[in-house]
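Engineer: Before I ask anything, let me first share the structure, which is written out below as structure tokens.
The values are calculated or read from the model by the stated rules, or taken from the named source; none is laboratory data. Because the structure is predicted, anything quoted here is derived from the model rather than measured. Positions of Cβ are backbone-derived with ideal geometry, glycine not excepted, and every protein chain shown enters the neighbour counts.
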Amino acid sequence: MSDLQTITLGGGCFWCTEAVYVQVRGVVDVESGYGNGHVDRPSYEQVCTGTTGHNEVVRLTYDPAQISTRELLEIFFVIHDPTTLNRQGNDAGTQYRSGIYFFTPEQEAAAKEVIAEMAASGVYSRPIVTEVAPVANYWPAEDYHQDFFERNPDQGYCMAVAAPKVAKFRKTFARLQKG
């Protein structure tokens, strides 16, 4: 196995984002957490207030021999709306902002390149507001948030919001699905 890489993405509720990326070939670990805020060890309740500066994120560990950073980002831009500032659907607040938090200059370059291409393509009728920044002050979310969709597929939010994102991924990126 080649050297693994890590990138952190904020695409709204981490339950939804995690539900998609656990199904992506080459992704070996997905952890829900809080990133790029100013409080150490924030709780979910604190993050939900919008006062910690944190974003609900997923930290992806992946094998670049199986999936590229670019492909991970292409999935990211299909499963959430990068044009709504501090909001995804009914989830509103800075903790739901669109963000790509990189570890390497190559990841930063890939993020900026994909955003520029998406903006130029006219796919979106509004400007892309995705934040691109180095990962900072990351903390894992509480255990009950990990694998939430997998453990609670019949929960209302999962059925209404996460399941359609998973279906959209499967339809659009069938070639990138595990097994």
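Engineer: Just to be sure, is V30 crowded, with 17+ Cβ neighbours inside 10 Å and touching a residue at least 40 places away in the same chain (Cβ under 8 Å)?
Structural biologist: On the way: crowded, with 17+ Cβ neighbours inside 10 Å: yes; touching a residue at least 40 places away in the same chain (Cβ under 8 Å): no.
Taking the combined requirement at face value, the residue does not satisfy it.
Engineer: Is there any pair linking a residue in the range 37-65 that is hydroxyl-bearing (S, T, Y) to one that is in a strand (DSSP E or B), with Cβ under 7 Å and at least six apart or on different chains, and which?
Structural biologist: Between residues of the range 37-65 that are hydroxyl-bearing (S, T, Y) and residues that are in a strand (DSSP E or B), the close pairs are T61/T6; T61/V28; T61/D29; Y62/Q5; Y62/V27; Y62/V28.
Engineer: Out of curiosity, is V20 under 20 Å from T84 (Cβ atoms), in contact with a helix residue (DSSP H, G or I) (Cβ under 9 Å, 6 or more places away or on another chain) and among the β-branched types (V, I, T)?
Structural biologist: Working: under 20 Å from T84 (Cβ atoms): yes; in contact with a helix residue (DSSP H, G or I) (Cβ under 9 Å, 6 or more places away or on another chain): yes; among the β-branched types (V, I, T): yes.
Yes: the conditions hold for V20.
Engineer: Pull up the range 119-135, narrow it to residues that are free of Cβ contacts under 8 Å to residues at least 60 places away in the same chain and not hydrophobic (A, V, I, L, M, F, W, C), then point me to the one that is surrounded by the most Cβ atoms within 10 Å (Cβ to Cβ).
Structural biologist: Looking only at the range 119-135, we keep the residues that are free of Cβ contacts under 8 Å to residues at least 60 places away in the same chain, and these are 119-130, 132, 134.
Filter once more, keeping what is not hydrophobic (A, V, I, L, M, F, W, C): 121-122, 124-127, 130, 134.
Numbers: S121: 8, G122: 7, Y124: 13, S125: 6, R126: 10, P127: 10, T130: 25, P134: 13.
Within the range 119-135, the match that is surrounded by the most Cβ atoms within 10 Å (Cβ to Cβ) is T130.
Engineer: Of the residues A111, A116, which is closer than 24 Å to L176 by Cα, exposed (fewer than 13 other Cβ atoms within 10 Å of the Cβ) and at pLDDT 95 or above? Spell out the reasoning first.
Structural biologist: Working: A111 fails: exposed (fewer than 13 other Cβ atoms within 10 Å of the Cβ).
A116 is the lone residue from the list that is closer than 24 Å to L176 by Cα, exposed (fewer than 13 other Cβ atoms within 10 Å of the Cβ) and at pLDDT 95 or above.
Engineer: Another question, if that's okay. Would you point out which residue out of T94, T104, T83 is of a type in the set (V, I, T) and closer than 23 Å to Q5 by Cα?
Structural biologist: Details: T94 fails: closer than 23 Å to Q5 by Cα; T83 fails: closer than 23 Å to Q5 by Cα.
Answer to the selection: T104.
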